[in-house]
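Data block below; observations after.
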Amino acid sequence: MRLIRPIASLLFSLVTLAALSSAPAGAAAKEWLVYVGTYTAGNSTSKGIQTLRLNRDTGELTGLTLAAETENPSFLALHPNGRMLYAVNEVGQFGGKPGGGVTGFTIGKGGALTKINEQNSGGGGPAHISLNKEGTYAFVANYGGGSVSAYPIAKDGKLQAQTGFVQHEGSGADPKRQNRPHAHSINVDPSGRFAIAADLGLDKLFVYKFDKVKGTLSPNDPPFATVAPGSGARHFSFAPNGKFGYEINELKNTITVFAWDSARGTLTEVQTLTTLPEGFTGESFTADVQVHPSGKFVYGSNRGHNSISVFAVDQKTGKLTMTSHQSTGGSWPRHFGIDPSGTFLLAANQRSDSIVVFRIDPATGALKETGKTATVGQPACVRFIEPK
């Protein structure tokens, strides 16, 4: 009997130790770390890039923390290795020179960011940044400057000197908003051979051949696709299968579906349809477009109508059918994020300083209110990562 108690105590200790040692991993698996790009100018309460924790079961947002203090980090991109994050600094002067900024950070414990280095973006008001799938280059669209640029990324995450730069020229149909170029986004296609840049001022989607060795951007043949005059081409998102692309038009509140030829680098228009409900007559401007990880649904944000439009995707043709609209529960949804599992959509309401969480119906794509929100000063971009 004297041996039983020590053995029992030992077993209890081993079980307890195992449970404790696995607790951090279990806790981490139940959360996403959410990075929020913000505007810091004016009356914003934000001072830079913020982080939140998203519970994967309930959708609850907790632990608002300033990850890095930096000026107007309006758009973010995560490195594929999960160890670095990059932001544009949407300003007109950076580092004492004309142009905006591009800043790289390493991701530390708890999501804290440590600055690596920065580069001038080559044009004023950079509004978008993306990385190729290898994480070897960063691409920036300068809205104010009407240009796009490319930067090599070293193995340690450092942004190298600019290797690719293209200045757009011309104007569009709307004299108030399209009197000059306004490059609003740039995305590399799944093959990594081409980059598509949407220019709001020109109603064009420029297609550039990307040289992975030299880091240069050169016009494809044909060099661009067009949308209807006065549309205001803004953001672009590829379908998971790489056969289609979805481009949202800010001024006309439409989404244009394109078929993508990855061999030739050409975009062919398939369909254009409104993002607004029938009968709406107020002022509204679209912002972002994203494809659900399943490829079955497409979402677009409407600033003014303050909603997310939900579309079902025809997998064979890429065509969209509008199925619903969901109020974002705030004002001016500039951007939104869909978590990697496709379970939640987080709407960033810039003018009401709120992130609102919706659960995605896996069968219909419809958005359901969770009642979960967080207060963040002028949120502009949402990104997800596994917490360390």
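The values are calculated or read from the model by the stated rules, or taken from the named source; none is laboratory data. Because the structure is a prediction, the values reported are computed rather than measured. Neighbour counts are summed over all protein chains in view; Cβ atoms, including those assigned to glycine, are modelled from backbone coordinates with ideal geometry.
The set of residues in region 124-147 being in contact with a Ser or Thr (Cβ under 9 Å, 6 or more places away or on another chain) and in contact (Cβ under 8 Å) with a residue 60 or more places away in the chain consists of 128, 137, 138. Here 62, 51 are screened, and the one residue that is surrounded by fewer than 18 Cβ atoms within 10 Å (Cβ to Cβ), part of a strand (DSSP E or B) and polar (S, T, N, Q) is 62.
Selection of strands (runs of 3 or more DSSP E) fully inside region 128-241 by the criterion of at least 1 residues being charged (D, E, K, R) and in contact with an Asp or Glu (Cβ under 7 Å, 6 or more places away or on another chain) returns 233-238.
Just to be sure, is residue 279 touching an Asp or Glu at 6+ places or on another chain (Cβ under 8 Å), in a loop (DSSP other than H, G, I, E, B) and on the phi > 0 side of the Ramachandran plot? Taking the combined requirement at face value, the residue does not satisfy it.
Quick check: is even one residue across region 84-94 assigned to a strand (DSSP E or B), within 24 Å of residue 370 (Cβ to Cβ) and modelled with pLDDT of 95 or more?
No: zero hits.
Kindly check whether there is at least one residue in region 287-297 that is among the acidic types (Asp, Glu) and either within 25 Å of residue 195 (Cβ to Cβ) or without any contact (Cβ under 8 Å) to a residue 24 or more places away in the chain (or both).
yes
Across region 308-320, the number of residues qualifying as touching a Ser or Thr at 6+ places or on another chain (Cβ under 8 Å), of a type in the set (Gly, Ala, Ser) and more than 11 Å from residue 253 (Cβ to Cβ) comes to 1. Within region 95-110, the set of residues being touching a residue at least 40 places away in the same chain (Cβ under 8 Å) and surrounded by fewer than 22 Cβ atoms within 10 Å (Cβ to Cβ) comprises 106, 108, 109, 110. Test of understanding: among 67, 150, which residue is more than 27 Å from residue 166 (Cα to Cα) and either among the aliphatic types (A, V, I, L, M) or modelled with pLDDT of 95 or more (or both)? Checking each option against the conditions leaves just 67. Taking residue 116 as meeting all but one of (1) crowded, with 23+ Cβ neighbours inside 10 Å; (2) of a type outside the set (D, E, K, R); (3) not in a loop (DSSP other than H, G, I, E, B), write down the number of the exception. Result: residue 116 fails condition (1) only.
For region 345-356, which positions are under 20 Å from residue 63 (Cβ atoms) and surrounded by fewer than 24 Cβ atoms within 10 Å (Cβ to Cβ)? Correct list: 353, 354.
Please specify each residue of region 267-316 satisfying the condition of being β-branched (Val, Ile, Thr), farther than 30 Å from residue 217 by Cα and surrounded by fewer than 22 Cβ atoms within 10 Å (Cβ to Cβ).
Once the filter is applied, which keeps residues that are β-branched (Val, Ile, Thr), farther than 30 Å from residue 217 by Cα and surrounded by fewer than 22 Cβ atoms within 10 Å (Cβ to Cβ), region 267-316 yields 274, 281.
Within region 266-281, can you find the residues that are more than 17 Å from residue 224 (Cβ to Cβ) and among the hydroxyl-bearing types (Ser, Thr, Tyr)? Hits for region 266-281 are 274, 275, 281. Identify, please: which residue in region 162-187 is touching a strand residue (DSSP E or B) at 6+ places or on another chain (Cβ under 7 Å) and among the aliphatic types (A, V, I, L, M) and is, among those, surrounded by the most Cβ atoms within 10 Å (Cβ to Cβ)? Among residues in region 162-187 that are touching a strand residue (DSSP E or B) at 6+ places or on another chain (Cβ under 7 Å) and among the aliphatic types (A, V, I, L, M), the one surrounded by the most Cβ atoms within 10 Å (Cβ to Cβ) is 183. Can you say whether residue 256 is in contact with a strand residue (DSSP E or B) (Cβ under 6 Å, 6 or more places away or on another chain), β-branched (Val, Ile, Thr) and farther than 17 Å from residue 337 by Cβ, as far as the supplied structure shows? When the stated conditions are applied, residue 256 passes them.
Only a single criterion out of (1) part of a strand (DSSP E or B); (2) farther than 26 Å from residue 341 by Cα; (3) of a type in the set (A, V, I, L, M) is not satisfied by residue 41, namely (1). Of the listed requirements (1) in contact with a Pro (Cβ under 8 Å, 6 or more places away or on another chain); (2) over 23 Å from residue 388 (Cα atoms), residue 135 misses just one: (2). A Cβ distance below 6 Å, combined with a sequence gap of six or more or placement on separate chains, defines the contacts here; from region 238-266, residues that are surrounded by fewer than 18 Cβ atoms within 10 Å (Cβ to Cβ) reach residues that are in a loop (DSSP other than H, G, I, E, B) in the pairs 240/295; 242/190; 262/191.
Which residues, counting only those in region 1-43, are at pLDDT below 95 and either of a type in the set (Ser, Thr, Tyr) or in contact with a helix residue (DSSP H, G or I) (Cβ under 7 Å, 6 or more places away or on another chain) (or both)?
Listed by number, the residues that qualify are 9, 13, 16, 21, 22.
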